[in-house]
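Peer 1: What follows is a structure written as structure tokens; I'll ask about it next.
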Amino acid sequence: MTTEQTLDGSRYGTLTRQYGDLWDYRTREEHKILGWNEMRNDSLTLEERLDGAIKILWSWFSRSVLAAMSDEHPDLPEYAAMLLSQEHSKETFPEPVRAALIGWYGQRPGIPEGKSYWRP
């Protein structure tokens, strides 16, 4: 049983009101495939590659919020800053994409190295 299946409608509704449209497993996987392809495609503009990175970040964010089932979960900008502070992010995001994301979100500690789930 997935995390999404264990959430009752009222809890899911509370989380989506607070965090926005949280993607289910299938939607996350579809957007991650698109996002990875866009982000790694050097022939695309930086803006198009950033669109791909945002798809990946929102997929991870959705999964993390649904797994935490907590209204204390950081919002996307804070969550992204935590991921971008990890050394692993240098391998995950191509340098021009990573630099632009850090310009938007900054960097801050909070999620252990190599992990993408926030824990209270």
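Peer 1: Kindly indicate whether any position in the range 99-110 is out of contact with any helix residue (DSSP H, G or I) (no Cβ under 6 Å at 6 or more places or on another chain), open to solvent by 20 Å² or more (accessible area, probe 1.4 Å), in contact (Cβ under 8 Å) with a residue 12 or more places away in the chain and not in a helix (DSSP H, G or I).
Peer 2: For the range 99-110, residues out of contact with any helix residue (DSSP H, G or I) (no Cβ under 6 Å at 6 or more places or on another chain), open to solvent by 20 Å² or more (accessible area, probe 1.4 Å), in contact (Cβ under 8 Å) with a residue 12 or more places away in the chain and not in a helix (DSSP H, G or I): present.
Peer 1: Looking for something at pLDDT 90 or above, in a loop (DSSP other than H, G, I, E, B) and charged (D, E, K, R) - is there at least one such residue anywhere in the range 8-16?
Peer 2: Going through the range 8-16, the residues at pLDDT 90 or above turn out to be none.
No, the conditions are met nowhere in the range 8-16.
Peer 1: Select from the range 17-28 the residues that are surrounded by fewer than 12 Cβ atoms within 10 Å (Cβ to Cβ) and in a helix (DSSP H, G or I) and write down the one among them that is modelled with the highest pLDDT.
Peer 2: Within the range 17-28, the first condition is being surrounded by fewer than 12 Cβ atoms within 10 Å (Cβ to Cβ), and the residues that meet it are 17, 21, 26.
Restricting the remaining residues to those that are in a helix (DSSP H, G or I) gives 17, 26.
Values: Arg17: 82, Arg26: 96.
Among them, the one singled out is Arg26.
Peer 1: A further question on this structure: From the list Lys90, Lys115, Lys55, pick out the single residue that is modelled with pLDDT of 95 or more, touching a Lys or Arg at 6+ places or on another chain (Cβ under 9 Å), open to solvent by 70 Å² or more (accessible area, probe 1.4 Å) and charged (D, E, K, R).
Peer 2: On the way: Lys115 fails: touching a Lys or Arg at 6+ places or on another chain (Cβ under 9 Å); Lys55 fails: open to solvent by 70 Å² or more (accessible area, probe 1.4 Å).
One residue alone meets the criteria, Lys90.
The values are calculated or read from the model by the stated rules, or taken from the named source; none is laboratory data. These numbers come from a predicted model, not from an experiment. All Cβ positions, even for glycine, are placed from backbone atoms using ideal geometry, and neighbour counts span all protein chains on display. In case anyone asks, the SASA skips ligands and DNA or RNA and just uses the protein heavy atoms, side chains included. Shrake-Rupley method; radii C 1.70, N 1.55, O 1.52, S 1.80 Å.
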